[in-house]
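To start, the structure itself, in structure tokens.
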Amino acid sequence: MADPRDLHRRAGGMAADVIARVRPDQLGNTTPCPEWDVRALISHLWGGSRGFTAIVAGEHGPERAEDGPGGDTLAGFLDAFNGLCAAFDREGFLEQVFPTPLGEGPGDLLVAMRITELTIHAWDIAAATGQPRDLDPELVGFADGFLRSRPIPRDVNGPFAPEQAAPAGAGDSDRLAAFAGRPVS
């Protein structure tokens, strides 16, 4: 298998491209994640990168309620994402065992979790701001395979709502979002 960190960089680049196209007047738009508007979802991605960087360093991560990257959401996202890339690039990282939200696992599990989160939330932000939702097919396929390979926590108030029906003719990105519990129209 290819180094998953390359896919992680692509997923971060894809998310950054979507974030870069968000207009300031769209930051308050509702997203398919009912608890977050666009600004809060970008802050969640920022905090996720910072949190996973802390896991790799063996440190305590940021608090969930901590404010996001501030005014320049793209620069803040990229700063946190680049910090995580540097942590993931550490010698021996892929084989080292870490505590993860899914239980203990090797570094490549952390990378897979971030690829999946970046891909799904890029879709969420695109959907909330009227951007095209046809994301990188390889990243969508990776995230779909990752989610379907294990039980995922489904709850209306959890990270994944119950699977939704994708409309006839839906593309792979929309089908992934529906599997992750997002309403797709």
Report task. Sort through P132, P183, P99, P153 and tell me the only one that's out of contact with any helix residue (DSSP H, G or I) (no Cβ under 9 Å at 6 or more places or on another chain) and not hydrophobic (A, V, I, L, M, F, W, C). Result -> P153
Report task. Scan segment 96-135 for residues that are modelled with pLDDT of 95 or more and at positive phi and report the count. Result -> 1
Query raised in the report: Under the condition of being surrounded by fewer than 13 Cβ atoms within 10 Å (Cβ to Cβ) and under 20 Å from T30 (Cβ atoms), which residue from segment 147-166 is modelled with the highest pLDDT?
Result: P162
Query raised in the report: So which of D134, D144 is closer than 27 Å to V22 by Cα and surrounded by 18 or more Cβ atoms within 10 Å (Cβ to Cβ)?
Result: D144
Query raised in the report: Looking at segment 167-185, which of the residues that are among the aliphatic types (A, V, I, L, M) and in contact with a Phe, Trp or Tyr (Cβ under 8 Å, 6 or more places away or on another chain) is nearest to F142 (Cα to Cα)?
Result: L176
Query raised in the report: Does segment 21-48 hold any residues that are of a type outside the set (K, R), more than 29 Å from T100 (Cα to Cα) and in contact (Cβ under 8 Å) with a residue 12 or more places away in the chain, and which are they?
Result: V22, Q26, L27, N29
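The values are calculated or read from the model by the stated rules, or taken from the named source; none is laboratory data. If you're wondering where the values come from, they're calculated on a predicted model, not measured in any experiment. Methodologically, a virtual Cβ is constructed for each residue, glycine included, from the backbone with ideal geometry; neighbour enumeration extends over all protein chains shown.
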